[in-house]
There are 2 protein chains.
Amino acid sequence: MTMDARKAAAEAWFRSLRDRICGEFEAIEKEGADLPALPGAPRDPGRFVRTAWTRSDPSGAPGGGGVMSVMKGRIFEKVGVNISTVHGTFTPDFAANIPGASEDPRFFATGISLVAHMANPHVPAVHMNTRFLVTTRCWFGGGADLNPALPREEDTKAFKAQLKRACDAHGADHWDKFSAWCDEYFWIGHRNRARGVGGIFYDYLECPDDAQFEANFAFTRAVGEAFLEAFPPIVRARMGEKWSEEERLALLRYRGLYAEFNLVYDRGTVFGLKTGGNTDAILMSLPPEARWD
Amino acid sequence: MTMDARKAAAEAWFRSLRDRICGEFEAIEKEGADLPALPGAPRDPGRFVRTAWTRSDPSGAPGGGGVMSVMKGRIFEKVGVNISTVHGTFTPDFAANIPGASEDPRFFATGISLVAHMANPHVPAVHMNTRFLVTTRCWFGGGADLNPALPREEDTKAFKAQLKRACDAHGADHWDKFSAWCDEYFWIGHRNRARGVGGIFYDYLECPDDAQFEANFAFTRAVGEAFLEAFPPIVRARMGEKWSEEERLALLRYRGLYAEFNLVYDRGTVFGLKTGGNTDAILMSLPPEARWD
């Protein structure tokens, strides 16, 4: 399989996953059309709005781009599902930290990134991101984790069970390794607490040959499928629950911690912001409303 | 003048400035007691609440501490005025970046740090911070800048005029240098905009002898006095102005940018959070409510 074919296959998967997720989330908005919503919420079920963007490499050469899909609804207070396919040349200091880039600084990256902030404090926020990177090497990375303001053991278990199933089908040590990596990565040091209740985080699943490309690509697809199996049922089960002012306040304060993690620790966010990435696409992860009071 | 006498004099100044500022802000709360306030505001004028904290050096040795003064009022939605006096030993990698610390990693630091987030979108937020650092060298640093969601030329001019007066009385190039440094420091690169409308930022005003200590200490006191001259009149002039829902929304979105700057770029914040500083004291700068919608 040529590298071009691999790139095209990965990109096509991320796009089709985006379409299925957006379709599912819009269906949930319609199902919840009659539920009580926030004062500022739209009257009608939310719909995704798509915005395309392009990037130039620092040299001025075309560098690909992406499409943001953002929905501000009644159930989904704010959800972004971004896909992007970018290419260019790493700067020398950055290339030094990327596998395979010191030999040749050219890169290609395609992926999907999703963050959902929910109006109802009983519905957890969620993050999912998978990507395929190509330098002189190529690899998959990504993850998904659940971010409830008011954790429910039942939801956490159900969410992790789907991810574990995806892991177990594709590697004997995937679950142990990637669930531990998630706990380690999404740690808010200065708060001495985790950002969320867990999930998986993985990176550098290298694909030196077709067999390993197929295996790692299949795992990455399984993570997307697991997300689609795991998250919508939690939303449907919780979105009708009543909430109090205090619970909403707990949600807004929790979102403050979420924003702290993303702006202080998240490597993709901080690196993207400081190196001229698409600010709107990077910061779609930030909560629609947050409190530090 | 011994170094101990210098330390004591600086610390005493920061404490007395804290008392005067808190007194002035509480007086403003009383004057504005009958003005319309936010839905969640207290019924009575706000009062500062003080919380003391202590730190241990990573070695376990006592490392000083500080006092946070926080007021959540009707005019001042959230204001923190922190003082701290800390000492200890820099880690080797940090010592390499601090003047005079590579010779001997022991340090002493005393200072005041203030951030005010105002309920009324017509009243600008403000930041002020001054400090005295001692390694094998010693120096003053600090600054003050105005952060309106809805800038008013008149307020910006009045605020800067007081700071310029303080600068001009203490160094021919202070204003040009420190106002430019402010614009450069408080730049939100990924938004391609300044955090606020300006002020001053200064650092490394070294004090190799008594004359230079006295001169730089006098300038740092003048910055505190300028703040007390400049900011309260702006609050008093604006706090009675009516505001619309849209203006409040503009304030909340502006505060999102403010939080982005502090969490992504502010050296003191990022360094403090990643090296075990007092999280509550460091993050008192974050806005009580913010939006990214």
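Please treat every number below as a calculation from the coordinates, not as lab data. Everything numeric here is computed off the predicted structure, so don't read it as measured data. With ideal geometry, Cβ positions are generated from the backbone for all residues, glycine too; neighbour counts draw on all protein chains shown.
Here are the numbers:
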read-out	value
Some residue of the stretch B:277-292 being assigned to a strand (DSSP E or B) and under 14 Å from B:Gly143 (Cβ atoms)	no
Residue match in the stretch A:130-139 (condition: touching a Leu at 6+ places or on another chain (Cβ under 7 Å) and assigned to a loop (DSSP other than H, G, I, E, B))	no
Enumeration of residues in the stretch B:125-141 that are out of contact with any helix residue (DSSP H, G or I) (no Cβ under 6 Å at 6 or more places or on another chain) and of a type outside the set (Ser, Thr, Tyr)	B:Ala125, B:His127, B:Asn129, B:Arg131, B:Leu133, B:Val134, B:Arg137, B:Cys138, B:Trp139, B:Gly141
Those residues of the stretch B:197-216 which are within 30 Å of B:Val123 (Cα to Cα) and not acidic (Asp, Glu), in sequence order	B:Val197, B:Gly198, B:Gly199, B:Ile200, B:Phe201, B:Tyr202
Check on B:Leu263, over 24 Å from B:Arg55 (Cβ atoms), in contact with a helix residue (DSSP H, G or I) (Cβ under 8 Å, 6 or more places away or on another chain), in a helix (DSSP H, G or I) and hydrophobic (A, V, I, L, M, F, W, C)	no
Enumerated strands (runs of 3 or more DSSP E) restricted to the stretch B:6-121, each holding at least 2 residues that are in contact (Cβ under 8 Å) with a residue 24 or more places away in the chain and closer than 24 Å to B:Ala290 by Cα	B:62-71, B:76-89, B:106-118
Subset of the stretch B:199-216 [of a type outside the set (Asp, Glu) and either part of a loop (DSSP other than H, G, I, E, B) or surrounded by fewer than 20 Cβ atoms within 10 Å (Cβ to Cβ) (or both)]	B:Tyr204, B:Cys207, B:Pro208, B:Ala211, B:Gln212, B:Ala215
Options A:Glu225, A:Glu229, A:Glu184; residue that is under 21 Å from the mean Cα position of the chain (by Cα) and under 16 Å from A:Asn147 (Cα atoms)	A:Glu184
Test: residue in the stretch B:219-231 that is in a helix (DSSP H, G or I) and without any contact (Cβ under 8 Å) to a residue 12 or more places away in the chain	no
Options A:Arg43, A:Arg15; residue that is basic (Lys, Arg) and surrounded by 13 or more Cβ atoms within 10 Å (Cβ to Cβ)	A:Arg15
Subset tally (residues that are surrounded by 22 or more Cβ atoms within 10 Å (Cβ to Cβ) and not aliphatic (A, V, I, L, M)) for the stretch A:230-253	1
Cross-chain or 6+ apart pairs with Cβ under 6 Å, the stretch A:276-290 first and on the phi < 0 side of the Ramachandran plot, then assigned to a loop (DSSP other than H, G, I, E, B)	A:Leu286/B:Trp292; A:Pro288/B:Asp293
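For every residue, the table says whether it meets (1) under 19 Å from the mean Cα position of the chain (by Cα); (2) more than 9 Å from chain B (Cβ to nearest Cβ).
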residue: A:Glu246; (1), (2): no, yes
residue: A:Leu252; (1), (2): no, no
residue: A:Arg255; (1), (2): yes, yes
residue: A:Glu260; (1), (2): yes, no
residue: A:Arg267; (1), (2): yes, yes
residue: A:Phe271; (1), (2): yes, yes
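Each row is one residue, and each column tells you yes or no for (1) buried (at least 24 other Cβ atoms within 10 Å of the Cβ); (2) closer than 21 Å to A:Gly23 by Cα.
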| residue | (1), (2) |
| --- | --- |
| A:Phe108 | no, no |
| A:Leu114 | yes, yes |
| A:Ala119 | yes, yes |
| A:Val123 | yes, yes |
| A:Met128 | yes, yes |
| A:Phe132 | yes, no |
| A:Thr136 | no, no |
| A:Gly141 | no, no |
